[in-house]
Structure formats: structure tokens, C-alpha cells
Amino acid sequence: MTCPFISVLFLTLLLFLLALFPGAFNCCTKISDEIPKRILRKVEMFDIQKADGLCRLEAVILYIESRKFCVSPQNRKVKRMMKKLKHKMHRSKPHVRKQRRTRITKKKEQKQ
């Protein structure tokens, strides 16, 4: 009888910890110094992991087709890719042109 109770308690505690520290279980624990160019070309998005708080390593997290790769932030290829991706994302925002307000003036009829 105590076994189901302990299981439920453990599960509840685990869910509580996940809610309290969502990033704690998503940290990079190993980083790669090198990454092939073919992978860098497919990067859709990236995050920067800092070595403070819950995560112990500084890393750049590359997201490619629902997978993630952890690489060193000092890698020159990665730095270039991040710069290009930021520029591309910045340029892809739609620019909304403000419409000019035109003043409609009524012509006064001139009396003759």
C-alpha cells in the first residue's frame, strides 16, 4: 500500500521541481569545439547559455529541425553564423509603411 503513495509523492515532487526550475533540466552539459559547416547552414534558431545560475557551462545552443547542438561560444564559425542569423532575422521583420493622411479640402464655389 505504501508503494503507490511513494510513487505519487515522487512524481508530484518531480513535477514541482520542473515547474520551479524549467531551465535546470535543459542545460548543455557538454559542448563541442568544432561543428561542420553543413550543420551551421541548417540552423533555424540559437540561444546563448550563460554559466551562471543553474547551468555550469557557457554555450551556444543551435536548434536544427527539433534537435539541439551545444557548441563553444568562442568558435569563429559559430560567431559568424550568429551574426548572419541576427541580421537575417532583423531584416525579415515586415516594415510597415505609415500611410499619409490626406486632407480633403472642399473647393469653395466662387460667386460670379
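The values are calculated or read from the model by the stated rules, or taken from the named source; none is laboratory data. From a predicted model like this one, the values you see are computed outputs, not experimental measurements. These accessible areas exclude ligands, DNA and RNA; they are computed on the full protein's heavy atoms, side chains included. Shrake-Rupley method; radii C 1.70, N 1.55, O 1.52, S 1.80 Å.
Worth pointing out:
- Scanning the stretch 1-41 for residues that are of a type in the set (Ser, Thr, Tyr) and at pLDDT 75 or above turns up SER7, THR12, THR29, SER32.
- Which numbered condition GLU44 misses (of (1) of a type outside the set (A, V, I, L, M); (2) open to solvent by 100 Å² or more (accessible area, probe 1.4 Å); (3) at pLDDT below 85): (3)
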